[in-house]
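The values are calculated or read from the model by the stated rules, or taken from the named source; none is laboratory data. Everything numeric here is computed off the predicted structure, so don't read it as measured data. Cβ placement follows ideal geometry from the backbone for every residue including glycine, while neighbour counts extend to all protein chains displayed.
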Ligand code: MG
């Protein structure tokens, strides 16, 4: 396995990219309300990324095994869509009570950040509120375990421990990843793991930590568009993601809006 460590200078660039990234996600979250279309969010995201002189990394990206490039800057995944929903081919209009996951990747000065948030549309029910809270808590626990000396398995252990204390389930087989020079690099970052297993974390590693939590069971299914992944049981799902740099002292969350 080749893990490419980033220099302190590169982490500074990633920090600036991540700050811009988080600001864009915040502005998109503020747009979310009943009646807004996924296409409007996509167009706003494209305009905001380009206004900063940066590039959207998902647009035109062909992941391993995919038959065609992803057609948009954002992945927008509503309700039972877990990840990789396409916002612009058959746009959808957000409805009161929906939960909408917005996943953006940004290239700033050649370096990649990846971050996602899940936003309630208007007033949502208790289950949706709890699902979003639990997923956020799982991400926070994963980030707290991302420190030198720990392993990728410690991150997965921390995330799955939080989710196991709820009535919800982690989406099967979906994981986080290394990134920086590209959108997806080694190592993979599991959402379920054992302490001390996996890759050892060292300063200079940059990781996307991203629990995806289903309100029902963990099963997933791939849709015919080649990208959208839904829950198998039709339950709703939430996704929160940050890009994190491992440092000597612990970590820095790069995708924060400061
Ligand atoms: Mg990611």
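Just a few scattered comments:
- Yes/no for residue 47 being under 16 Å from residue 226 (Cα atoms) and over 17 Å from the mean Cα position of the chain (by Cα): no
- Test: residue in region 96-106 that is over 16 Å from residue 183 (Cβ atoms) and more than 20 Å from the chain's Cα centre (by Cα): yes
- Residue selected from region 180-203 under the condition in contact with a helix residue (DSSP H, G or I) (Cβ under 7 Å, 6 or more places away or on another chain) and within 16 Å of the ligand (Cβ to nearest atom), by the criterion farthest from residue 218 (Cα to Cα): 180
- Listed by position, the strands (runs of 3 or more DSSP E) inside region 174-251 whose residues that are within 13 Å of the chain's Cα centre (by Cα) and either at pLDDT 95 or above or over 24 Å from residue 111 (Cα atoms) (or both) number at least 3 are 176-178, 206-209, 237-239, 242-246.
- Taken over region 119-142, the residue count meeting the criterion of being more than 14 Å from the ligand (Cβ to nearest atom) and under 26 Å from residue 54 (Cβ atoms) is 2.
- Residue 146 vs. criteria within 16 Å of the ligand (Cβ to nearest atom), assigned to a helix (DSSP H, G or I), on the phi < 0 side of the Ramachandran plot and touching a helix residue (DSSP H, G or I) at 6+ places or on another chain (Cβ under 9 Å): no
- Residue 158 being assigned to a helix (DSSP H, G or I), modelled with pLDDT of 95 or more, more than 16 Å from the ligand (Cβ to nearest atom) and touching a strand residue (DSSP E or B) at 6+ places or on another chain (Cβ under 9 Å): no
- Checking residue 14 against (1) within 30 Å of residue 201 (Cα to Cα); (2) part of a helix (DSSP H, G or I); (3) more than 19 Å from the chain's Cα centre (by Cα), the condition it does not meet: (3)
- Among the residues of region 80-97, those identified as part of a loop (DSSP other than H, G, I, E, B) and buried (at least 22 other Cβ atoms within 10 Å of the Cβ) are 84, 85, 86, 87, 94.
- Qualifying residue in region 102-124 (condition: part of a helix (DSSP H, G or I), touching a helix residue (DSSP H, G or I) at 6+ places or on another chain (Cβ under 9 Å), in contact (Cβ under 8 Å) with a residue 60 or more places away in the chain and surrounded by fewer than 21 Cβ atoms within 10 Å (Cβ to Cβ)): no
- Some residue of region 56-70 being outside any loop (DSSP other than H, G, I, E, B) and buried (at least 16 other Cβ atoms within 10 Å of the Cβ): yes
- Across region 204-248, the number of residues qualifying as away from the ligand (no atom under 16 Å from the Cβ) and either without any contact (Cβ under 8 Å) to a residue 40 or more places away in the chain or in contact with a strand residue (DSSP E or B) (Cβ under 9 Å, 6 or more places away or on another chain) (or both) comes to 18.
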